[in-house]
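The values are calculated or read from the model by the stated rules, or taken from the named source; none is laboratory data. Every value quoted in this text rests on a predicted model; they were computed, and no experiment measured them. Cβ atoms come from the backbone with ideal geometry, glycine included; neighbour counts cover every protein chain shown. Areas reflect the complete protein model, heavy atoms only, side chains present, ligands, DNA and RNA absent. Shrake-Rupley method; radii C 1.70, N 1.55, O 1.52, S 1.80 Å.
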Amino acid sequence: MSHHLTEQAEIILQKRYLKKDAAGRVIETPEEMFARVASAVAEGDRLLDAAANVDSTREVFQTLLENLWFLPNSPTLMNAGRRLGQLAACFVLPVEDSIDSIFGTLKHSAMIHKSGGGTGFSFSRIRPEHDVVMSTAGISSGPISFMSVFDVATEIVKQGGTRRGANMGVLRVDHPDIEAFIDAKKDLGKLNNFNLSVGVTDTFMDALSTGGEYDLINPRTSKSVSRVSSEKIFRRIVSMAWETGEPGALFLGTVNRHNPTPHLGNFEATNPCGEQPLLPYESCTLGSINLSRMVVKNSVDYNRLDEVVRHSVHFLDNVIEVNRYPLPEIERMSRQTRKIGLGVMGFADMLIRMGIRYDSEEATHQAESVMARIQSSAREATAALARRRGNFPAYRGSRHDRPETPHVRNATTTTIAPTGTISIIAGTTSGVEPLFAVAYYRRVLEGRNLFETHPLFMKAAKAGGFYNEKLAEEIATGGSVQSLASVPEPVKMLFRTSLDIEPDWHIRIQAAFQKYTDNAVSKTVNLPAHATQTDVGNIFLSAYRHQCKGVTIYRYGSRKNQVLHMAEASLSGAKSVHPADNVSMKPPGPEKRLSPGKCPECGSWLLYEEGCLMCRGCGFTRCG
């Protein structure tokens, strides 16, 4: 085994990524896996240039992977160089208002799940429940009923034989069935293979700012069927998010203002974790840079970072060439825009190595600085590739089609993904999330619990002379070190957990990364059990005001079977708050700081992680 890999990484690789023989025995080492992936993806050079030095490219890619400087999304690690060969993680499929379209998409989603991908859908085009069906003189069952069909199908089809399918379901806030959609997961036994987001429009937010009404529009006729109080709908979203963690919000206006190819259509849905808006039949391949390994002598080594970005963009562009797409429509659209999503993991570890507190102005400054550098370097890399390989085919008419950007290989280059299991493989914190806990139990495959203590904390504790055998167990009881007298204040400052951090800092970090990210940022606002509905409402408003493209909250303990949990954390004290609970409907003024946070592993939900029962999109819980 590689000396870079932790015990947890080796377990995950053996269970899910490494080749096995017919009897299920592992027949591949991690080093061989990295070599397999590097070799398969390097072949993209040969497909584009018969004279390319593929061996040189392979060596570069293998160095990236073996040093854990960069890792691609899970399907690439699992499938590159193997028979399946489907390497993309993110897909969006169209759902039109007809039985043919609905069940055709159901078939296509099953094919994608089988190949290892996750799917997003907007159900907003389906006529509402009880609406007329002209062809049969009957009545429509509405979008929620068809979502249930998709959910059952997903339960049956395993993603690539290694994880269950993950879906994102979106319904516009102006759809007549919006209230039923908001309440769809009140019964926690339903739609467990779906993450839900309300497609929030600017019109709705404008009405909310004045306490006014807005129109509910029948998608079949495009006519208003009624007007409803924006405050009523907002309170309902807040109440359900407080109670169950869903739905989240997808801010459609913000998302489409950054659509690089509006001439091809508008965004209506995202991938399962919400970080990748896509047009129908588009796919995107993601990869993440391990920021923890970009720190040298307490500061970011920007020369190393630039080099890693350049090679990572090359890697991801090659994936588009060597990928075996599950559908011809997906291959056509994916090659039209050639979207890639290079992001980060290990941000919290980067801050700890640099001696910076997560909930601080310096942390937001570092977030902006490092992501601005990544975006700038990625754009230079995609321009360099375009000079040799050509622009993405849909360049003409896109937002890139201007004199300042004559060479663009990829319509998008940056995305902040949750990095659920790849962050475990990399031995670092997930995405841009803070620590979930300094010590905790991780529920993994086959019901097994792994006890984990953050390695940097262990190092600090031993160096500071306050380590003892009972310390980790004491920390795991509550997850945090803030109340422990034996831990020095400077150490407490660095090892702040998601529940130690005020909600507004979660949003500010998300907004800092979003500022320099082409696509979106997967981030969860994790709240303590006693958080109120006022807190939840303020988070949604703050996210919109900070120009985030979406937001998800999770109140600790609001669902059973959490993936990450403290040993005996008390969930008592959760206040039973009436939905009205003084939730202000007006966005706060610029002078007001809100107290606002996703699964610390998948960047989405605390409940969604590969291998366990409930994961919002990284697949570790529900999808394993």
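Structure notes:
- Flag for Thr105 being under 22 Å from the mean Cα position of the chain (by Cα) and within 30 Å of Ser141 (Cα to Cα): no
- Helices (runs of 4 or more DSSP H) fully within the range 47-134 counting 3 or more residues that are open to solvent by 20 Å² or more (accessible area, probe 1.4 Å): 54-66, 99-115
- So Ala485, is it small (Gly, Ala, Ser), modelled with pLDDT of 85 or more and buried (at least 23 other Cβ atoms within 10 Å of the Cβ): no
- Residue pairs whose Cβ atoms lie under 6 Å apart, sitting 6 or more positions apart in sequence or on different chains, and linking a residue in the range 48-73 that is closer than 15 Å to Ile425 by Cβ and acidic (Asp, Glu) to a partner that is part of a helix (DSSP H, G or I) and open to solvent by less than 10 Å² (accessible area, probe 1.4 Å), are Glu66/Phe34.
- Within the range 457-482, considering residues that are charged (D, E, K, R) and in a helix (DSSP H, G or I), the one surrounded by the most Cβ atoms within 10 Å (Cβ to Cβ): Glu474
- Against the numbered list (1) farther than 24 Å from Ser283 by Cβ; (2) open to solvent by less than 50 Å² (accessible area, probe 1.4 Å); (3) not acidic (Asp, Glu), Ile27 comes up short only at (2).
- Qualifying residues in the range 226-266 (those that are out of contact with any Gly (no Cβ under 9 Å at 6 or more places or on another chain) and within 18 Å of Phe123 (Cα to Cα)) - the one modelled with the lowest pLDDT: Glu246
- Criterion: open to solvent by 20 Å² or more (accessible area, probe 1.4 Å), of a type in the set (A, V, I, L, M, F, W, C) and closer than 29 Å to Arg389 by Cα - qualifying residue of Val322, Val296, Val313: Val322
- Residue tally, condition of a type in the set (D, E, K, R), in contact with a Lys or Arg (Cβ under 7 Å, 6 or more places away or on another chain) and over 19 Å from Leu71 (Cβ atoms), over the range 286-329: 0
- Test for Leu208: is it in contact with a Ser or Thr (Cβ under 8 Å, 6 or more places away or on another chain) and under 30 Å from His530 (Cβ atoms): yes
- Qualifying residue in the range 112-123 (condition: closer than 24 Å to Thr221 by Cβ, within 22 Å of the chain's Cα centre (by Cα) and of a type in the set (S, T, N, Q)): yes
- Taking residues in the range 353-373 that are in a helix (DSSP H, G or I), and partners anywhere that are open to solvent by 40 Å² or more (accessible area, probe 1.4 Å) and not charged (D, E, K, R), the pairs with Cβ atoms closer than 7 Å and at least 6 places apart or on different chains are Arg353/Asn298; Met354/Asn298; Met354/Ser299; Glu368/Tyr516; Met371/Tyr516; Ala372/Tyr516; Arg373/Tyr302.
- Qualifying position, being surrounded by fewer than 20 Cβ atoms within 10 Å (Cβ to Cβ), more than 20 Å from Ser558 (Cβ to Cβ) and either of a type in the set (Val, Ile, Thr) or at pLDDT below 95 (or both), among Gly211, Gly161, Gly189: Gly161
- For the range 217-267, filtering for residues that are closer than 30 Å to Val133 by Cβ, open to solvent by less than 60 Å² (accessible area, probe 1.4 Å) and among the charged types (D, E, K, R) leaves 1.
- Any hit, the range 555-569, residues being closer than 29 Å to Met168 by Cβ and at pLDDT 90 or above: yes
- Residues within the range 242-298 that are within 17 Å of Ala88 (Cβ to Cβ), more than 16 Å from the chain's Cα centre (by Cα) and among the charged types (D, E, K, R), tallied: 1
- Qualifying residue in the range 507-528 (condition: within 25 Å of the chain's Cα centre (by Cα), open to solvent by 10 Å² or more (accessible area, probe 1.4 Å), modelled with pLDDT under 95 and not basic (Lys, Arg)): yes
- Some residue of the range 400-411 being under 21 Å from the mean Cα position of the chain (by Cα), open to solvent by less than 10 Å² (accessible area, probe 1.4 Å) and under 25 Å from Thr6 (Cα atoms): no
- In the range 236-260, the residues that are closer than 30 Å to Ala411 by Cα form Cβ pairs under 9 Å with partners that are of a type in the set (D, E, K, R) and part of a helix (DSSP H, G or I), at six or more places apart or across chains, as follows: Phe251/Asp202; Leu252/Asp202; Gly253/Asp202; Thr254/Asp202.
- Flag: Glu179 does not match the condition of being over 19 Å from Thr154 (Cα atoms), surrounded by 15 or more Cβ atoms within 10 Å (Cβ to Cβ) and over 26 Å from the mean Cα position of the chain (by Cα).
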